[in-house]
Amino acid sequence: EKVEITKEQRALIKAILDAYNRHQIPQDVTKKLLQEQYSAEENFLLLTEVATSQVQVLVEFTKNIPGFLSLDREDQIALLKGSAVEAMFLRSAQVLSKKMPSGYTEVLEERIRKSGMSEEFMTPMFNFYKSIEELHMTQEEQALLTTITILTPDRPYVKSHEAVERLQETMLDVLRKLCVLQHPQEPQYFARLLGRLTELRTLHHYHVEMLTSWKTNDHKFTPLLCEIWDVQ
Ligand SMILES: CC(C)c1onc(-c2c(Cl)cccc2Cl)c1COc1ccc2cc(-c3cccc(C(=O)O)c3)sc2c1
């Protein structure tokens with residue numbers, strides 16, 4: 001059947017894409033990735049600094065998701081805490097994508113690979129990055145997929161499950177139509193995008209162990225990261 005994006009849905013895409021592009025990590029933070037030396041310590045410190053900045057950006061972006069601020073305040077926090085890692089995998093995947101060279105691709109990969117993280121997480125992490133790169137997502141798809149990840153109803157401690165589910169379904173419907181219109185030769189494209197959301201949950205579980213292994217090697221995180229990731 002003819003897939004049509006309504007006027008409201010077009011306005012929704014514009015609002016989300018504008019917010020996604022408006023909230024970016026400041027250049028003086030990301031620039032350090034290009035300048036400082038390479039050592040496991042230095043790489044970990046830089047990644048911690050950028051991740052902290054990314055969380056601040058994520059909070060601002062989330063506040064601009066239509067309907068998010070009408071959710072219960074505690075649910076807003078629960079959604080942010082529950083989705084931060086997954087949103088950051090998506091963001092770092094965009095930066096690492098060689099299809100949209102960001103100037104940080106090589107240095108970021110190098111710093112992640114040499115940040116003192118155990119080898120066992122490297123393979124699934126870089127397989128994920130490769131699978132995202134192969135999708136050649138448009139900016140709208142990136143922004144919507146991040147929004148859908150944030151609006152996942154079954155995060156821990158979310159009380160108004162239905163309210164979040166309604167918001168997420170609105171976004172899923174827009175993304176589904178966008179995929180049909182922007183990837184007409186790939187009828188399975190939308191399903192492939194949703195498959196990445198499943199992959200993100202697996203990486204989220206790996207990430208909890210990554211944090212523990214860093215902690216045991218006496219790596220320090222910032223107060224904001226400790227708060228959002230429940231690290232002591
Ligand atoms: C605390 C730290 C050691 C850590 O622990 N786990 C992870 C992690 C790792 Cl490794 C991989 C995936 C997810 C997480 Cl959460 C991290 C680092 O997480 C981040 C998070 C976001 C970004 C955005 C970047 C970035 C660069 C250039 C440009 C831009 C840009 O948006 O312009 C963004 S780098 C970066 C690093």
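The values are calculated or read from the model by the stated rules, or taken from the named source; none is laboratory data. All values reported here derive from a predicted model rather than from experimental measurement. Only protein heavy atoms, including side chains, enter the accessible area calculation; ligands, DNA and RNA are left aside. Shrake-Rupley method; radii C 1.70, N 1.55, O 1.52, S 1.80 Å.
Which whole-number percentage describes the relative contact order of region 9-72, with Cα contacts under 8 Å and a sequence gap of 6 or more?
51 percent
Determine the gain in length on full extension of the stretch Leu197-Phe126; use 0.36 nm per residue of separation and subtract their C-alpha separation, reporting nm with one decimal. Can you show the working numbers first?
Details: separation 71, 0.36 × 71 = 25.56 nm, distance 1.54 nm.
Extra length available between Leu197 and Phe126 comes to 24.0 nm.
Starting from the alpha-carbon convex hull of the chain, give the projected area averaged over all orientations, in nm². Show your work: numbers first, answer last.
Details: hull surface 50.7 nm².
Result: 12.7 nm².
For region 152-222, what log10 I(q)/I(0) values come out of the Debye formula at q = 0.12, 0.26, 0.28 1/Å, with one point per alpha carbon and no solvent?
Ignoring solvent entirely, the Cα scatterers give -0.54, -1.11, -1.16.
Any of Lys81/Lys159; Lys81/Lys114; Lys32/Lys114; Lys14/Lys81; Lys81/Lys177 with alpha carbons more than 20 Å apart? Name them for me.
Lys81/Lys114; Lys14/Lys81; Lys81/Lys177, as the Cα separations exceed 20 Å there.
Calculate how steeply helix 7-22 sits against the longest principal axis of the alpha-carbon atoms of the chain, using the helix alpha-carbon long axis, and give the answer as 0 to 90 degrees to the nearest 10.
Roughly 10 degrees between the two axes.
Rg to Rh for region 85-153: what is it, with Cα atoms only and Rh by Kirkwood?
Values: Rg = 12.4 Å, Rh = 12.7 Å.
With Rg and the Kirkwood Rh in hand, the quotient comes to 0.98.
Hey, how many Å between the Cα centroid of region 115-172 and the Cα centroid of region 24-79?
15 Å
How large is the accessible surface per residue of the chain, computed with a 1.4 Å probe and reported in Å² as a whole number? Please list the in-between numbers first.
Numbers: 11830 Å² over 232 residues.
Here the residues of the chain average 51 Å² of exposed surface.
Tell me, what % of the accessible area of region 119-232 is carbon and sulfur with a 1.4 angstrom probe?
Working: 3220 of 5880 Å².
That share works out to 55 percent.
Can you run the Rg to Rh ratio on region 23-126? Use alpha carbon positions and the Kirkwood inverse-distance Rh.
Working: Rg = 15.1 Å, Rh = 14.9 Å.
Result for region 23-126 is an Rg/Rh of 1.01.
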